[in-house]
Every structure is written in C-alpha cells, then in structure tokens.
Ligand SMILES: [Zn+2]
Ligand SMILES: [Zn+2]
C-alpha cells in the first residue's frame, strides 16, 4: 500500500503494534491513515502530522520485528506494553507534574537526541541505544527509585516500554508523557513550555521546534567555539561519522570534524 501511495519513510510492525513515520502528499498520507484506522488490529492508533515541503525520507522501509522498540530483555523478563506501562499524562498534566519538587524527569531517548533538546531539569542518560537502559538504570536507579518518575520520548512509543520496565523493576510511581514531545509541542495550551532546544527526529529535518513560548532557547553549542548551534552535522571522517555541533564559521575555518584527530586522518588520506 505504501508503495502504491508513493510514501517514503520507516515502519516497524510486530505483535506489539505498529510504529513508523512516513512522508507523502496530503492525499496519500490521508489514504494511509484511513487504511490503518480501519484495521481492527490497530484500533486506537494515533497519528501526529507535520507539514513539510516534499519528502523527508530518501526511501521506504517496512520491517517486521519481534519488538517495536527493542529493550533486548530475555523473553521471560520482556515487557508487554499493552499490559504493563506507566500512567499516561496529557501534555497539561505532564507540565503540572514537572513543576512538583519531588519528581524526577527521565529522558527516555539516546544521549545525542537529548543533547539537541530536552525538558528542563531532566536526567538525560548518556546512552547510544535504547537497549542500554536496563544497565543504566541498574547503575543509577538507586538515587530516584522511590520518587515519582516522569518519562518522555519523541512520540511516546519508547516510553510505553521503558515506563513498563521501570514499574516492573519496582520504581515509581512511574508516569509517561502520552504522545511524547511531538504531541506536547503541538498542544495549543502548553505550547511546548519547559522544553529547551529542539526535538531530534530521525529524518532529514533532524531537529524540529517544540517550545513555541517566549522561553524557547537553543541549548546545543558548537564544539569548537562554544556558540549556540542547533544544527547537527556528521564528522567528515567516514569511520567516525559522529553527529556533532559545528557552527557555520568553524565549518568554514576548521571543517566539519570532531577535532584534530579526525581532521588529520582525512587530510592524510587525501594526500596519500
Ligand atoms: Zn564554532
Ligand atoms: Zn570525528
């Protein structure tokens, strides 16, 4: 169906449900939503819509996975997010809960996503993959095990699993932001308040605005000069390819590299 509608993007489908992002014309994306809503297996499926000029993905990928978001737990410990999950909070409830003094806010995404933007005061685990969460919680969870915990992620999908895992591990009470940062930013009442920086997205846009109030600010900085810089670029050394913040003027004078080591490796390869 996606091919017929000329949609592009990434879709993961499994027994837990379906999660994905696609781009296409208004007519095509509407036809896609109608078809999924009509499927009895996907009752209650939620969509978040962003306008954009043209496709934001280079191609289409639809894959089956045993877990929609992989925590990689042994089968007996696995969480069924449909059965066990943190209490869902609407954007407004989440904003109110964040203002309470006893809460702990946990960013349920990877470190490089949180570096671009996150909720004020959130703990942002320095992980590169969702599967590292159980280990991170094991090492750091004692400090907040019995406090009210607010979790959030991009679209609310990873948190269904993360919050369920935390409940099972005896944390809490555990709450999750329903619909994630994306829905929070679209809510006309909270207007993204308390979110600093941009929300990382896994398509060509990389970062999207969330906070539409006067408190919006850029929190990421050029790694060379320290000026505010909201655009990620990949280090030009292919073996490195790390996502880094380098401002336009440092890109021009130094190049898009992490540092001397990566730059010298490329210079040496070019002169060889
Ligand atoms: Zn700079
Ligand atoms: Zn590098």
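Extension gain, residue 62 to residue 205: 0.36 nm times the residue separation minus the Cα-Cα distance gives 49.4 nm. Roughly what % of DSSP beta bridges within the chain run antiparallel, to the nearest 5? Just about 50 percent of them are antiparallel. For a paramagnetic label modelled on residue 96 (point 7 Å from Cα along Cα→Cβ), amide N atoms under 20 Å away belong, within the stretch 137-179, to 148-152, 173-179. Comparing 245, 254, 57 in a Gaussian network model of the chain where C-alpha atoms under 10 Å apart are linked, the largest mean-square fluctuation is found at 254. Listed by Cβ neighbour count within 10 Å, with the fewest neighbours leading, 163, 90 appear as 90, 163.
With only alpha-carbon pairs counted, each pair once and no self-pairs, how large is the Kirkwood hydrodynamic radius of the stretch 232-271 in angstroms? Computed over Cα pairs of the stretch 232-271, the Kirkwood hydrodynamic radius comes out at 10.0 Å. In a fully extended conformation the segment linking residue 147 and residue 45 would gain 33.6 nm over its present Cα-Cα distance, using 0.36 nm per residue.
Estimated from helices alone, the mean residue ellipticity of the chain at 222 nm is -7500 deg cm²/dmol (sum of -39500 (n - 2.57) over DSSP H runs with n ≥ 4, per residue). Exposure proxy for 128, 196: other Cβ atoms within 10 Å of each Cβ, ordered fewest to most, give 128, 196. The orientation-averaged projected area of the convex hull spanned by the Cα atoms of the stretch 8-64 comes to 3.9 nm². Mean sequence separation of contacting Cα pairs (under 8 Å, at least six apart), scaled by the length of the chain, corresponds to a relative contact order of 14 percent.
Taking the DSSP beta bridges with both ends in the stretch 143-272, the antiparallel portion is around 65 percent. Each DSSP beta bridge with both residues in the stretch 8-64 is either parallel or antiparallel, and the antiparallel ones are about 60%. Measuring r between the beta carbons of residue 75 and residue 239 and using R0 = 35 Å, the FRET efficiency lands at 0.50. Exposure proxy for 98, 33: other Cβ atoms within 10 Å of each Cβ, ordered fewest to most, give 33, 98. Global dimensions of the chain from alpha-carbon coordinates: Rg and Dmax equal 19.9, 61 Å.
Its alpha carbons give the stretch 68-193 an Rg and a Dmax of 13.5, 42 Å. Over the stretch 75-208, calculate the relative contact order: mean separation of alpha carbon pairs under 8 Å at least 6 apart, over the residue count, as a percent. Reported relative contact order: 32 percent.
Laboratory data are not the source of any read-out in this text; all were calculated from the coordinates shown. Everything numeric here is computed off the predicted structure, so don't read it as measured data. All Cβ positions, glycine included, derive from the backbone under ideal geometry; neighbour counts span all protein chains shown.
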